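Enquirer: A single structure is presented below for examination.
The values are calculated or read from the model by the stated rules, or taken from the named source; none is laboratory data. Keep in mind it's a predicted model, so treat the numbers as computed, not measured. A quick note on method: Cβ atoms are made from the backbone with ideal geometry, for glycine too, and the neighbour counts reach across all protein chains shown. The protein model used for the area step is the full one, side chains on, heavy atoms only, and it has no ligands, DNA or RNA in it. Shrake-Rupley method; radii C 1.70, N 1.55, O 1.52, S 1.80 Å.
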Amino acid sequence: MPSSRQKLLMYVGHLRHAQGDNAGAIGALEAAFSAFPVNPLPLLLAATWRLDDGEVDMARALYDRARAIGAPGRLDLEPRFQEVASRLSEAQDEVRTRGAAKITDDRPTGP
């Protein structure tokens, strides 16, 4: 069960995110995770917000850390894990496609 400190820090994270302060929001989530490091939910939420910002590699690292921890006893986080994994997969596909398009677009077109 998350501690009251973790809940407060997660609330701060949500508030900062709503205000457009993603760096502050993610910092609050990292502090929330530090307060109760057996709950991967703050890491999953931070991964989601990193994806929203287009930071795929950072999101992947957060997701991998969360997955390594797993879900504590009473929390069913599998739907959240699946959601983040799906978004990561889509983001990786988009990066690959964009990279291929760039290579194609940069080729000379005439003599």
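Enquirer: Rolling a 1.4 angstrom probe over the protein chains, ignoring ligands and nucleic acids, what is the accessible area of residue 36 in square angstrom, nearest 10?
Expert: Rounded to the nearest 10, the figure is 50 Å².
Enquirer: Determine the sum of side-chain charges near residue 50: Lys and Arg each +1, Asp and Glu each -1, restricted to other residues whose C-beta is under 9 angstrom from that of residue 50.
Expert: -3
Enquirer: Quick one: accessible surface of residue 26, probe radius 1.4 Å, all protein chains present, in square angstrom to the nearest 10.
Expert: Here the residue's solvent-accessible area equals roughly 10 Å².
Enquirer: Moving on to the next point. Of 10, 58, which has the most accessible area with a 1.4 Å probe, and how do the rest follow in descending order?
Expert: Reading off the accessible areas and sorting them downward yields 58, 10.
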